[in-house]
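Readers should treat all values here as calculations from the given coordinates under stated rules, not as data from a laboratory. All of these numbers come straight from a predicted model, not from anything done at the bench. Every residue, glycine as well, gets a Cβ built from its backbone with ideal geometry; the counts of neighbours run over all protein chains shown.
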Amino acid sequence: MFVRNLHFSLSLFFVLTASVTAADWTRFRGPNGSGVSPDQTKPPTIWSDSENVKWKAKLPGPGLSCPIVIGDRVVITCWSGYADGAENPGSLEDLQRNVVCVHRQTGDVLWSHEEPALLPEDTFGGMFAQNGYASHTPATDGERVYVFFGKTGVLAFDLGDGRKLWQESVGENLEGKRWGSASSPIVHAGMVIVPAFIEGDALVALDGKTGKVTWRQETPGYRSNWSTPILVEANDRTDLVLAVPGEVWGLNPTSGKLRWYCEIPGADDARASVIAHGEIVIAMGGGRGSSTAIAVRAGGKGDVKETHQIWEGRDASKIGTPVIRDSQLYMVNNKVVTSVDMKTGKRIGQARLTGSGGAAAASGDSYREERPRGERGQGGRGQGGGGGFGGGGMGGQDYSSPVIAGNNLYWASRAGDVYVVELGESMKQVARNSFDSDRGEYSSTPAISNGELFIRSATSLYCVANKE
């Protein structure tokens, strides 16, 4: 661990006296997993190696986890020591998990931590190489940072100085398909809720201060799951809502016990996370041959398919989590953006993203919009991300989820092209941006805070902002 003293004292004071604000991006996909920034200040639509880049920070290794932002801190995880980019992957015994905290204004490292991996772990190769050893996005309550490293456990760190506060195992299973683990923790009511779906067939709530188990609910129904839960307010209560293979569940967040459930036809695994619009939950079916989405009202009891389901549609996002703006649902599959009416589940429009590679594209890239031709949408396949780390990946598949700031949608392809789409009555691609100096893997979902966009490649973390 090391500290850049130039910023440490002021930053430590800020963190210890600050609380979470609306502008902070404190978990996977930001505020309650919505992927929508509430800020008035918007990120730029054009950037490149030489334009609108505030800073670039070199990371100790690769990973698919997303950055989180709290006050003047940006936190990211990765792995190192094994299969981290060298032609020879080395020895699995040298595998380390890394937590890195950088200063938001400069990109300087404020603190970092290396955690030895609990072995045995999956060897790097095949489908596992699409995912790797650092796919869980951290979460924070404004005082502590919580990271989930699969069978190595859940770790808590002091946000100010990076002191390791506790570590707790939530299971030591390895994923049977060798796809790895990817679900991310969330914070609620003093607890860190950990989706240990792969490691322990469980959802586990730990006390944020001590790491002690508050509750643990186990079921084989959690298997084949790479999604992340959200919290939904309905009927004067809070439901902990998550996708599982073939269903969406609403749980009591104080006990983890099931309150309600609804079938997602044809789904045999869960990849995209659920999202909510008020008390309406949108869940996507995953699995071979499945393309199903449902809208269901939270706050029910038991099987709510007949009482609370609003619609079932054929346009579904199979890997990336969709995003909602102005009662429209947006998803990206195979570089096709699809918009769906939140009230009916019917497709509104569809448009293909164009262009790849090279420097930042000028506004007005050619963009084709297709009006509805039936209800079946475009689908992706497979779970994971980041193929090509250390030479073992399979490559080609996109895993990032779209995010929104103002009326612009941002989405990163694996090849490193970040598309900007203007939303409204129609969809218009206004830019395609990339860093020519870094054409590695981009499978992480960007974070947005106070008009700044934080983009993670396999080797670096970027802060993109309009220059004054």
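Backbone geometry of the stretch 330-345 corresponds, through the Karplus equation with coefficients 6.51, -1.76 and 1.60 at θ = phi - 60°, to 3J(HN,Hα) couplings of 10, 9, 10, 9, 6, 6, 10, 8, 10, 10, 10, 5, 5, 7, 10, x Hz, x marking Gly and Pro. For I348, the amide hydrogen comes within under 5 Å of the amide hydrogens of S339, V340, D341, counting only partners 5 or more places away or on other chains and with H modelled in the peptide plane.
Here the residues L118, L353, ranked from fewest to most Cβ neighbours within 10 Å of their Cβ, fall in the order L118, L353. Considering helices alone, the calculated mean residue ellipticity of the chain at 222 nm is -1000 deg cm²/dmol, with DSSP H runs of length four and up weighted by -39500 (n - 2.57) and normalised per residue. Ordering I448, I275, I294 by Cα displacement along the dipole of the chain toward the positive end leaves I294 in first place; charges were set at the Cβ atoms of Lys, Arg (+1) and Asp, Glu (-1).
Here the Karplus curve 6.51 cos²θ - 1.76 cosθ + 1.60, taken at θ = phi - 60°, turns the phi angles of the stretch 144-150 into couplings of 10, 9, 10, 10, 10, 10, x Hz, with x standing for Gly and Pro.
Electrostatic tally near G61: other residues with Cβ closer than 11 Å to its Cβ, Lys and Arg +1, Asp and Glu -1, net 0. Computed from point charges on the beta carbon alone (+1 for Lys and Arg, -1 for Asp and Glu), the dipole magnitude for the chain about its Cα centre is near 720 Debye. Match the structure shown to one of the listed values [x] 43; [y] 64; [z] 60 of percent of Cα pairs over 29 Å apart, computed from it, and give that label. Given [x] 43; [y] 64; [z] 60, the calculated one carries the label [x]. Here K212, K151, K54 are placed in order of increasing Cβ neighbour count within 10 Å, fewest first, which gives K212, K54, K151.
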